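See structure below.
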Amino acid sequence: MAETKSRLNMLLSQPEQEMEFMPIVPLGEDEMDENEKGNLPDEVPLIALRNTVLFPNVVLPITVARDKSVKAITEAQKNGKWIGVIAQKDSNNDDPMPEDIYKTGTLAKIVKVIKLPDENTTVFIMGRMRFHVESYTQVDPYYTAKIRYLDDQFPKKDAEFDALISAIKDHAERISQQSGQLPQETAMVLRNIEHQSFLLHFVASNLNTKLPDKQALLEENDIKVRAERLLQLLQSELTLVELKNEITNKTRADIDKQQREYFLQQQLKSIREELGGEPNDREIKDLQKKAENMKWTEAAKELFQKNVEKLERMHPSTPDYSVIYNHLDLMLDLPWSTYTEDKYDLKQAKKILDNDHYGMDKIKDRILEYLAVLKLKGDMKSPILCFVGPPGIGKTSLGRSIANAIQRKYVRLSLGGMHDESELRGHRKTYIGAMPGRIIQSLRKIKSANPVFILDELDKVGKDFRGDPSSALLEVLDPEQNNTFYDNYLELEFDLSKVLFIATANSLSDIQPALRDRLEVIQLTGYSVEEKIEIAKRHLVPKQKELHGLSKVPLKFPDKAIEKMISEYTRESGVRELDRQLASIMRSVAKEYAMDEKVAPQVSPEQVEKVLGKPRYNNDIYTKGHPPGVVVGLAWTYVGGDILFIETGLSKGKGSLILTGNLGNVMKESASTALTYLKTHAADYKIPIEKFEQNDIHIHVPEGAVPKDGPSAGVTMLTSLASAFTGRHVRPYLAMTGEITLRGMVLPVGGIKEKVLAAKRAGIKDVIMCKQNEKDVEEINKQYIKGMKFHYVTEMNEVLNFALK
């Protein structure tokens, strides 16, 4: 029987999460007699319990942690061990006031007090008599109250009441048998309880029901009415137990739909707990709370709500849970209708652009025009600008300056080597490891829907079997379409029309025509020597001094030292190599300064040569006289303008044409055109026609490892052939560029500024070019081409008359 007593508390099923207290009921406990009642105190200390009701004759272990409760227990132990136990209305209230506590409770006797290692106290109390609080006599440091005891009203011999008690026993036994969670001895214990009120208290203590229902049972004085209410609760509990058995056996019962749905939810909740704990309800609520403040389209709202409902039905351990959660998180992170406010102070914008970049007036004017229209109209589709020019001239950094000037956020996307369309448009969520495209990722990162977006190295986009990213850019870079840009991962349309896209490229020829047609191309030319000197003084030298810890060292770079580095140690349109040479000088100075050696106040040309070594480039080769057949030409490469030689040699043979120097098809055709023209007009230049048939002609362009192509070497090749066949020398300090025709016409070519600046760097004094290129020369600052003469021609005879001595 001792084992039975220890397990009586498990009589009725009760979920673990609601079990804060474990009732224990000793067998054979009788009601208090009149003598005992007369000795009960009228004023007792009170403690409030959460989630449970103590009934008379029930022993209950409780863990006491609140200060008021600890003090009340301590006081009760000093005065007869009597304490009042009342349930509080809200279990989340840590400091309940008298109005937060029920009026009816149970007088309890403290049986045992146990101090736990975690400094909490476990107290065994036994309920003895119900009471009603008349008034509170003390609130602090613990509650005390005057109480009035309540007697149970037993009915006279009543067959109906006996039937009630019997029905309660039967229901309790059936619940214990069908729940499958209680020991078999429970039914025997129920049958051995003879006292009617004791049976009611025993069953009610272990009943899995709501706190207000238990409190109502305690407050009821009429034992018969109390029994009727208890039977109703048992019937409801029995229905749920039977329903559980029906679901477990996969049968359907004709029961109330509301009860069925409630129980299914409870079952699902319990299964989730068994599989790994509570579902992430807090995460879902956080997502819904964030969504309340989002300004998105109806399609976005509908998709979000649909995915949230899916998420609520999933367990966090399923693979699709993380996929859907990440998708919802992306939707909340994107800047839907979140724009930064443009600053329309044009003078300040111009000042910022001028401070950050020297020169580039054409681009600065275009940006200021865009700002002016925005200022006047208030709204405008952003243009798609494309900066084209050689590397190292500041195309990418100019984008950041534009963002600073109009106070927009800045983001850069490097397209170099990109060969998968999904990197731009995103992957579909069905793939493992799917993620949004780089464009959506960038907007998510900067939290703005109208940034300055740099698409760097547009001409370096790859293409293979996985797709063509440049074709995907057709939608992105079209102002008429990009307001509905579709990302495969997002599965929604996103508005990119307010984004200021700026593409950069070294060459337009590598950009597909359809994409090039969508771009507003702005050509950037290389820097002159004068511009490079200014850039070095304003930007490069201060930057390198700071990088090498020489900010406080009074070190100056005179123009002559910088010019020596530019002309003798670099061959570029930009300033990257110049920056590296300056870094070499700074490292040398830093070493001297760190070793406490004397540091010169300024860097001299001699010191430049000492640190950098002998000059790498020499302009004398371009300016001294050459044998007949050697002509200096001007070329454009992706790194800017360059100087090249074209050499023609004659040898005994049968008139065949040999071309070497890694020439492209267009350049080979130019050589054939020049030879044909010279044969046609041989008499005009006093060249015997037999000479063409008796000699093999070899045209060579030095630096054979470098591929060369283009029509602009036509006039240079014809001059080289004429010089070789006539034996006349070409003027020194002369370079030329231009395309030719069989009729002897000279046609215009591109890249004039780069070619002219390259000629200036090489010490060339005379330049021959097409008359139609005169407008290109006029755009160059006169200071940069001081000392150079330009000879504009329309026909080849003008070229030969001037070039040949």
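The values are calculated or read from the model by the stated rules, or taken from the named source; none is laboratory data. Note that the structure is a prediction, hence the values are computed from the model and not measured. Virtual Cβ from ideal backbone geometry, glycine too; neighbours counted across all protein chains shown. For the accessible areas, the whole protein counts, side chains as well, though only heavy atoms, and no ligand, DNA or RNA atoms are used. Shrake-Rupley method; radii C 1.70, N 1.55, O 1.52, S 1.80 Å.
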When you scan segment 538-550, how many residues do you find that are surrounded by 16 or more Cβ atoms within 10 Å (Cβ to Cβ) and out of contact with any helix residue (DSSP H, G or I) (no Cβ under 7 Å at 6 or more places or on another chain)? 1
How many residues does segment 748-760 contain that are in contact with a helix residue (DSSP H, G or I) (Cβ under 8 Å, 6 or more places away or on another chain) and either open to solvent by less than 30 Å² (accessible area, probe 1.4 Å) or of a type in the set (A, V, I, L, M) (or both)? 4
With the checklist (1) under 60 Å from the mean Cα position of the chain (by Cα); (2) in a loop (DSSP other than H, G, I, E, B); (3) more than 13 Å from Thr673 (Cβ to Cβ); (4) in contact (Cβ under 8 Å) with a residue 60 or more places away in the chain in hand, flag the one item Leu742 doesn't pass. (3)
So if I check each of Val575, Val589, which one is over 20 Å from Tyr358 (Cα atoms) and of a type in the set (A, V, I, L, M)? Val589
Any idea which residue in segment 714-744 is surrounded by the most Cβ atoms within 10 Å (Cβ to Cβ), counting only those that are over 15 Å from His626 (Cα atoms) and hydroxyl-bearing (Ser, Thr, Tyr)? Thr737
Where the second residue is part of a helix (DSSP H, G or I) and of a type in the set (Gly, Ala, Ser) and the first is farther than 17 Å from Arg128 by Cβ and in contact (Cβ under 8 Å) with a residue 12 or more places away in the chain and lies in segment 191-206, which pairs have Cβ atoms under 8 Å and are six or more apart or on separate chains? Gln196/Ala227; Val203/Ala172
Could you tell me whether segment 370-391 includes any residue that is in a loop (DSSP other than H, G, I, E, B), in contact (Cβ under 8 Å) with a residue 40 or more places away in the chain, more than 22 Å from the chain's Cα centre (by Cα) and surrounded by fewer than 13 Cβ atoms within 10 Å (Cβ to Cβ)? yes
Out of (1) touching a residue at least 24 places away in the same chain (Cβ under 8 Å); (2) more than 24 Å from Leu650 (Cα to Cα); (3) among the charged types (D, E, K, R), what's the single condition that is false for Lys782? (1)
If we keep only residues of segment 181-214 that are in contact with a Ser or Thr (Cβ under 9 Å, 6 or more places away or on another chain), more than 21 Å from Leu164 (Cα to Cα) and not hydrophobic (A, V, I, L, M, F, W, C), then the residue modelled with the highest pLDDT is Glu185
Pro688 vs (1) touching a Gly at 6+ places or on another chain (Cβ under 6 Å); (2) open to solvent by 60 Å² or more (accessible area, probe 1.4 Å): all pass except (1)
Being open to solvent by 60 Å² or more (accessible area, probe 1.4 Å), outside any loop (DSSP other than H, G, I, E, B) and at pLDDT 85 or above narrows it down to one of Lys306, Lys290, so name that one. Lys306
Exactly one condition in (1) within 16 Å of Phe501 (Cβ to Cβ); (2) in a helix (DSSP H, G or I); (3) of a type outside the set (Gly, Ala, Ser) is false for Ile352; which is it? (1)
Those residues of segment 403-424 which are in contact with a strand residue (DSSP E or B) (Cβ under 8 Å, 6 or more places away or on another chain), open to solvent by less than 40 Å² (accessible area, probe 1.4 Å) and at pLDDT below 85, in sequence order: Ile406, Asp420, Ser422
Counting just the residues of segment 574-599 that are outside any helix (DSSP H, G or I) and without any contact (Cβ under 8 Å) to a residue 40 or more places away in the chain, which one comes out most open to solvent (accessible area, probe 1.4 Å)? Lys598
So, first residue in contact (Cβ under 8 Å) with a residue 40 or more places away in the chain and of a type in the set (Asp, Glu) in segment 651-678, second residue exposed (fewer than 14 other Cβ atoms within 10 Å of the Cβ) and in a strand (DSSP E or B), Cβ within less than 9 Å, six or more apart or across chains; the pairs are none
Can you tell me which residues in segment 573-618 are of a type in the set (S, T, N, Q) and more than 19 Å from Lys543 (Cα to Cα)? Ser573, Ser604, Gln607, Asn618
Thr318: of a type in the set (Ser, Thr, Tyr), open to solvent by 20 Å² or more (accessible area, probe 1.4 Å), more than 29 Å from Ile271 (Cβ to Cβ) and out of contact with any helix residue (DSSP H, G or I) (no Cβ under 6 Å at 6 or more places or on another chain), yes or no? no
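Tell me, which residue of segment 442-472 that is out of contact with any helix residue (DSSP H, G or I) (no Cβ under 6 Å at 6 or more places or on another chain), of a type in the set (Ser, Thr, Tyr) and within 30 Å of Asp342 (Cα to Cα) is least open to solvent (accessible area, probe 1.4 Å)?
Ser448
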Filtering segment 141-167 down to residues that are over 16 Å from Arg226 (Cα atoms) and in contact (Cβ under 8 Å) with a residue 60 or more places away in the chain, which residue is most open to solvent (accessible area, probe 1.4 Å)? Lys146
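If a residue has to be part of a helix (DSSP H, G or I) and either over 14 Å from Met126 (Cα atoms) or in contact (Cβ under 8 Å) with a residue 60 or more places away in the chain (or both) to count, how many in segment 60-76 make the cut?
Adding up the residues that qualify gives 8.
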Give just the number: which of (1) in contact with a helix residue (DSSP H, G or I) (Cβ under 6 Å, 6 or more places away or on another chain); (2) open to solvent by 40 Å² or more (accessible area, probe 1.4 Å); (3) more than 17 Å from Gly467 (Cα to Cα); (4) not small (Gly, Ala, Ser) does Arg438 not satisfy? (3)
Can you work out which of the residues in segment 11-57 that are in contact with an Asp or Glu (Cβ under 9 Å, 6 or more places away or on another chain), modelled with pLDDT under 85 and under 23 Å from His132 (Cα atoms) is surrounded by the fewest Cβ atoms within 10 Å (Cβ to Cβ)? Lys37
Kindly indicate which of Glu693, Glu703, Glu669 is among the charged types (D, E, K, R), over 20 Å from Val799 (Cβ atoms), open to solvent by 10 Å² or more (accessible area, probe 1.4 Å) and part of a helix (DSSP H, G or I). Glu693
State whether one or more residues within segment 234-249 are farther than 21 Å from Gly105 by Cβ, open to solvent by 40 Å² or more (accessible area, probe 1.4 Å), over 56 Å from the mean Cα position of the chain (by Cα) and modelled with pLDDT of 85 or more. yes
Suppose the filter is open to solvent by 70 Å² or more (accessible area, probe 1.4 Å), charged (D, E, K, R) and at pLDDT 85 or above; does Lys343 pass it? no
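Quick check on my filter: what residues within segment 634-666 are surrounded by fewer than 18 Cβ atoms within 10 Å (Cβ to Cβ), assigned to a strand (DSSP E or B) and of a type in the set (Val, Ile, Thr)? Full working, then the answer.
Filtering segment 634-666 for residues surrounded by fewer than 18 Cβ atoms within 10 Å (Cβ to Cβ) gives 638, 649, 651-660, 662, 664-666.
Then keep just the ones that are assigned to a strand (DSSP E or B); that gives 649, 651-652, 657-660.
Matches in segment 634-666: Ile658, Thr660.
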